[in-house]
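For reference, the structure discussed in these notes is given below.
Please treat every number below as a calculation from the coordinates, not as lab data. Quick caveat: nothing in here was measured; it's all calculated off a predicted structure. Note that we place each Cβ from the backbone using ideal geometry, even for glycine, and neighbour counts take in every protein chain shown.
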Amino acid sequence: MSLKIYNTLTREKEEFKPITPGHVGMYVCGPTVYSDVHLGNCRTFISFDIIYRYFKYLGYKVRYVRNITDAGHLEGDRDEGDDKFSKIARLQQLEPMEIVQKYTLGFRDVMRQFNCLPPSIEPTATGHISEQIRMAQQIIDNGYGYVVNGTVYFDVEKYNKEKPYGILTNRKMEELLEGTRDLGGQDEKKGRLDFALWIKAKPEHLMQWPSPWGMGFPGWHIECSAMSEKYLGKQFDIHGGGMDLAATHHTNEIAQSQACYHTSPANIWMHTNMLTVNGTRMSKSLGNGFLPGELFTGNHPLLEKAYAPNVVRFFMLQTHYRSTLDFSNEALQASEKGLKRLWDAYENLAKLPANDTAAADAELDANVNKLLNEFDEFMNDDFNTAKVLGNMFELVPVINSIKDGLIRADALSSQTLERLRQKFKAYLEDIFGLQSGSAGNEKLGEVMDMLIGMRKEARAKKDFATSDRIRDQLAAIGIQLKDEKGGAMSWNLE
Ligand code: AMP
Ligand code: ZN
């Protein structure tokens, strides 16, 4: 059974053929650590965590490189002005590296809460300045880069005469040019699509390094090209990131590698689709970002309650990574219920008695095996987690009915029962990364429902002392009760 992966570059699902048999080299663009990661960013990192875990399940040795962008990412992805770190550092009167440290630690903490495995290597842009300078120099030497006043640009027009620049998103130069503004003779770049490999720093710029072209700092795109080459080689298996990176960042990475090494860096380009809010992409600049911490505590005006990290992770798995996913209270509440149902069945599965007979219900036994076989088939079809979960939900009533005695205990053969247990464990825990006690806050939720019920009863009896005591004692341990319209009550953790 072969693994098929959708390749943005060829716009087809392709059979995965690793460059080195048994090994996978995968590079994923990491966060720009000048602010907290929002849930949209997390969707991309959780998707690649599942992909990483699935490769491991298949027995591959994976080198998973996910960088930290801690320099060079300019506002609006332009080539002039401050980088994002220096701007915040100036505003908050901190060292840029204090900003970087704060948000790197925050990011790792969020990844840990979501139970994402750490990548094999997590290189930083500032730790690889010399590699980036070397690459920019090689691009100049090969004739695709030019220097103007201490800034190094990539010559897109020249490159496009030899290789199609817009290859990744299947766009011609004319189309790409339409999307850019006229330079009006103001710009030092030769062409509108040219981008900076190295940027001259003004004296007051906070993060700058010496280079053959004077003091400056690297462009954002060269970071990923230099770091992926260093740890995975000039050509590696998979390069990933969110879909919003394909048109510029990844397009430029391909051009840089081709201009420098005459190779396209990755065989397969994988892009995750966007997490949206009411159909609009979740993004920091639009101000519609939800932070993971806000979800885990319920501390957000638009959230009706808190959701455990497992529930949020499960919510993301229910949609294929290449489809958009819309974020809402209703969807999260449905995921919470769904996960509880699934996890209860998983726990019931462990309690089913072993039997050493053949299947008493051969048809059911065959159907269970068919559903189990499809787990790997669906994952091998471009990592379709949603379809695997669909099959799991078909198996839930079978498991529960055996447990409740509605289906005889020996309906399935012992072999099938064992397979059912193994597959559920492998998928729920190892591949999907859900954890035991998985519904997380769910037990707490039940206790809270009980306390809220008691408080309502006390109020109805005008026993305000008891009702206030419940509210105040909860507040003392960091749980806030909110009175909603119509006498309803909700709660969140501080
Ligand atoms: P950044 O920190 O902005 O460089 O983004 C980190 C990663 O998150 C990139 O791979 C982006 O493509 C991805 N990303 C940003 N916004 C979203 C979103 N709304 N949904 C999914 N992925 C996103
Ligand atoms: Zn990148």
**Message:** For segment 210-243: of the residues being aliphatic (A, V, I, L, M) and closer than 23 Å to M173 by Cα, which is farthest from ligand 2 (Cβ to nearest atom)?
**Reply:** M243
**Item:** Every residue from segment 51-77 that is within 23 Å of T276 (Cβ to Cβ), surrounded by fewer than 22 Cβ atoms within 10 Å (Cβ to Cβ) and more than 16 Å from ligand 2 (Cβ to nearest atom)
**Value:** G76
**Prompt:** Pick from segment 244-271 the residues that are farther than 20 Å from M173 by Cα and out of contact with any Leu (no Cβ under 9 Å at 6 or more places or on another chain): which of them is farthest from ligand 2 (Cβ to nearest atom)?
**Reply:** H262
**Fill in**
Those residues of segment 139-183 that are of a type in the set (G, A, S), surrounded by 13 or more Cβ atoms within 10 Å (Cβ to Cβ) and closer than 21 Å to T8 by Cβ come to a total of 1
**Request:** Go through L339, L325, L352 for me and flag whichever is in contact with a Ser or Thr (Cβ under 8 Å, 6 or more places away or on another chain), touching a residue at least 60 places away in the same chain (Cβ under 8 Å) and closer than 22 Å to E394 by Cα.
**Result:** L339
**Message:** For the structure I just gave you, tell me whether E253 is without any contact (Cβ under 8 Å) to a residue 12 or more places away in the chain and among the charged types (D, E, K, R).
**Reply:** no
**Request:** Give the residues of segment 22-70 that are of a type outside the set (A, V, I, L, M), within 16 Å of ligand 1 (Cβ to nearest atom), more than 15 Å from F236 (Cβ to Cβ) and more than 13 Å from the chain's Cα centre (by Cα), sorted by residue number.
**Result:** T32, Y34, S35, D36, T69, D70
**Prompt:** Across segment 376-419, what is the number of residues that are in a loop (DSSP other than H, G, I, E, B), surrounded by 15 or more Cβ atoms within 10 Å (Cβ to Cβ) and not acidic (D, E)?
**Reply:** 7
